[in-house]
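Have a look at the structure below before the remarks.
Quick note: the coordinates plus some simple rules give every number you see, no bench work behind them. All of these numbers come straight from a predicted model, not from anything done at the bench. As a convention, Cβ positions derive from the backbone with ideal geometry for all residues, glycine included, and neighbour counts pool all protein chains shown.
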Amino acid sequence: MRHALETREVSAWVEADRLERAVRVLSDPRLRPTRVGSPDARTRRTLADRFNAESFDDMRRLAVATKSVLWIEQTAPLGEFEREALVEENIAIVAGACTLPFLLALPQVETAPSFRRMAAGAAVLGIAEAFGRVEVLQSTVSVADRGRLAEGLRVAVAASLAVLGPIDTVNAVGASAGTLTASLVGAHGFGTIAVASGVEGASFALVGEGGIANVSSCSVAWRRRDGSWVEEARIEPDGEEPIVRTILEAERPVVRRKPLDESLRRLRLRIAAVADTVRLSVRTGHGESTEAMLRNFDVDPDDLTART
């Protein structure tokens, strides 16, 4: 068993506009960056000098050299040759802002941050279990900068799936630079999501049989329909970025291309599919179907909701 204070060797591929966050994450004393790479020369030099790490200008070469875990911190989709190189390597991969094609191409990938690892996310899940029917779920997520909007969208979608069940119909209400809003129709209720940039934080509101519950990054407030309080409490942040916990939990596959836990893999695909459908709706200006998105990639939507 890995000791709590033992460092985890990690490689990292980082886009230039995500350098600040990468330095913050990789400076965690539980991580030991030994190989770093970027398409940007200045970013490579900064990371290599900061962590005394070997520098790479090609993700394919970095993947071959990586022994255990590769963290990909970029928003742009991977190229065909990069995906092919990664899928052939016997390494655990952690990535942010993953799209459905990315997850389908790389069976050994983990995504982060995760709604289920957030303190507020755990509170929402706990309330939802005892709440009864949820008629409306409002999810608002704010991220530090525009480059992390895709991550914020994934958190909002994960919350919606966890509370509302499978989601098909998606309608982007509006989008502008640094913001995104949409409505979702789930199997168990209706949802709205709003994602913006400028400050880190999240809030969720559940309305329905259990009354009204508001969960934010720092507090929980739940009242029944008759006005009586069920819970009112503060949430203490743990001070850790979910991406670090994910890196620490990632394990190198024991067998080449060994699949991850099937239920988690399906959940990642469902989250990515809804997020990609929201982005499609933004582009078309019309409501779009998540099931159609999945079928376009030869994935049966029913397979992603079946129990293991």
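At what distance in nm do the modelled label points of Glu6 and Arg30 sit from each other, each positioned 7 Å from its Cα along Cα→Cβ?
Output for this residue pair reads 1.4 nm.
What value, in deg cm²/dmol to 500, does the helix sum -39500 (n - 2.57) over DSSP H runs of n ≥ 4 give at 222 nm once divided by the residues of the chain?
-10500 deg cm²/dmol
Would you please name the trypsin sites (Lys or Arg not before Pro) within the range 85-186 that are DSSP coil residues with at most 12 other C-beta atoms within 10 Å of their C-beta?
Filter output for the range 85-186: Arg133.
So, how do all the Cα-to-Cα distances of the range 1-138 break down into 5 Å bins, in percent, from 0 on up?
For the range 1-138, the pair-distance distribution reads 2, 9, 17, 20, 17, 13, 8, 6, 5, 2, 1.
Among the DSSP beta bridges whose two residues both lie in the chain, what percent are antiparallel, rounded to the nearest 5?
For the chain, the DSSP antiparallel bridge percentage is about 60.
Using mean Cβ contacts within 10 Å as the protection proxy, how do 161-168, 52-59, 101-108 order, highest first?
Result, highest mean Cβ count within 10 Å first: 161-168, 101-108, 52-59.
Please report the base-10 log of the normalised intensity I(q)/I(0) for the range 158-221, using a Debye sum with one equal scatterer per alpha carbon and no solvent, at each q in 0.20, 0.26 (1/Å).
-0.91, -1.21
Which number do you get for Rg(Cα) / (2.2 N^0.38 Å) in the range 5-74?
Normalised by 2.2 N^0.38 Å, the Cα Rg of the range 5-74 equals 0.97.
All other residues with a Cβ under 11 Å from the Cβ of Glu54 taken together, and with Lys, Arg as +1 and Asp, Glu as -1, what is their net charge?
That works out to +3.
Take every Cα-Cα distance within the chain, group them into 10 Å bins from 0 onward, and report for each bin the whole-number percent of pairs it holds.
Histogramming the chain at 10 Å steps yields 6, 26, 33, 24, 9, 1, 0 percent.
Can you tell me the convex hull volume per residue for the range 153-308, based on C-alpha atoms, in Å³ to the nearest whole number?
Here the figure is 160 Å³ per residue.
Set the Förster radius R0 to 22 Å, insert the Cβ-Cβ distance between Glu80 and Asp57 as r into 1/(1 + (r/R0)^6), and round the FRET efficiency to 0.05.
Step by step, r from the Cβ atoms, then E = 0.75.
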